[in-house]
1. Report the longest stretch of the chain that contains none of the GluC sites (Glu not before Pro) sitting in a DSSP loop with at most 16 other Cβ atoms within 10 Å.
2. With θ taken as phi - 60° and the coefficients 6.51, -1.76 and 1.60, list the Karplus ³J(HN,Hα) couplings across the stretch 196-210 in order, rounded to whole Hz; mark glycine and proline as x.
3. Based on the inverse mean of 1/r over its pairs of different Cα atoms, what is the Kirkwood hydrodynamic radius of the chain, in Å?
4. At a threshold of 8 angstrom on Cα-Cα distance, excluding pairs fewer than six apart, so keeping six or more, what relative contact order does the chain reach in percent?
5. Which distance in Å, rounded to a whole number, links the C-alpha centroids of the stretch 101-166 and the stretch 215-286?
6. With a cap of 12 neighbouring Cβ atoms within 10 Å, and only residues DSSP puts in a loop, list the trypsin sites (Lys or Arg not before Pro) found in the stretch 137-187.
7. Which of the chymotrypsin sites (Phe, Trp or Tyr not before Pro) found in the stretch 83-181 are loop residues per DSSP with 10 or fewer other Cβ atoms within 10 Å of their Cβ?
8. Find which of ALA54, LEU176, LEU124 sits farthest along the positive direction of the dipole of the chain, computed with +1 on the beta-carbon of Lys and Arg, -1 on that of Asp and Glu, about the Cα centre.
Amino acid sequence: MGGRRTEEAAHGNAPPKPGPSRVQRDARPEGTCIQVGRVEVGGPGFVVMAGPCAVEDAEQTERTAAAVAAAGAHVLRGGVFKPRTSPYSFQGLGEPGLHLLAEAGRRHGLPLISEVMDASQLPLMAEYADILQVGARNMQNFTLLRALGKVRRPVLLKRGLAATIEEWLMAAEYVLDGGNEQVMLCERGIRTFEPAMRNTLDLAAVAYVKERTHLPVIVDPSHATGDPKLVVPMSLAAAAAGADGLLVEVHPWPERALCDGAQALTPERFQELMRRLPAVLQAVDRHLWRPESPAQLVGVR
């Protein structure tokens, strides 16, 4: 056995030595806070990002942005490039959708989060989006992760469909290693043997990762459960488990949605969530993020 290891090392096949870990808590014991416009993610304030799974048209985008802003959301979410299981499903509006999202965000004083699928999209996305989202299917798209390491924009990195915590953290390491320290982790449920829900929301991972890493942790209860009746209770549970924020899908007409309408909250249900969050957050010594003055949320771009 010793001869084999010596031979492998001689041919350059020895196991690589681990490099410095930039995601570990001891790299920044105080934790990382990320500024998104005037919003702070990772501090004592709990941040809610909400909006449609996909931007569909001007009316849908405007109605959703107005509803989530009125309810107290801090960031407007919306997909314009959509990775879909079927090539025949709605793939997003692309750049025109990004313009609609940006206009709605400006009108309502909300910074934007939107998904980037490929490194070639980065110049366009970085021009408009305040947070660049990496979807579950791209968690180990290492070319994209390396490119994001060179972009000075916050990145939200979703956990892969069946990724271990270690794989998830190492994906974040790629971005940090490139020089971009503005990384948020997003637990969005993992694929297990249980078919009752779309995915299995791993809230134990939220608590574990908060102990192990200095990066903010966001929870996506919409993709995790696939059921709007479960989104509110799982959002409250995420807040109790120590998450730093939520990424929630909201649509004015879920039954007409072109993408994931079955899991979207109506504006009324989203208002219910925002009403109930403060009591849970108070129990764990947190609060909904709030600006010092309402004017701080205006003109974030």
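None of the figures in this text is laboratory data; all of them are computed from the coordinates on show. Bear in mind that the values here come from a model prediction, so they are computed numbers and not experimental data. When we count neighbours, we look across all protein chains shown, and the Cβ atoms used for this are built from the backbone with ideal geometry, even at glycine.
1. Details: sites that count: GLU30, GLU292.
Of all site-free stretches, the longest is 31-291.
2. Residue by residue, the stretch 196-210 yields 5, 10, 4, 9, 10, 6, 9, 6, 4, 5, 4, 5, 5, 5, 4 Hz.
3. Working: mean 1/r = 0.0512 Å⁻¹.
Hydrodynamic radius (Kirkwood, Cα only) of the chain equals 19.5 Å.
4. Details: 623 pairs, mean separation 64.7, N = 301.
Once divided by the residue count of the chain, the mean separation gives 22 percent.
5. 20
6. Numbers: sites: ARG137, ARG146, LYS150, ARG152, LYS158, ARG159; in loops: LYS150, ARG152, ARG159.
Hits after loop and neighbour filter: LYS150, ARG152.
7. Working: sites: TYR88, PHE90, TYR128, PHE142, TRP168, TYR174; in loops: TYR88, PHE90.
Answer by residue number: TYR88.
8. My answer, from the dipole projection, is LEU176.
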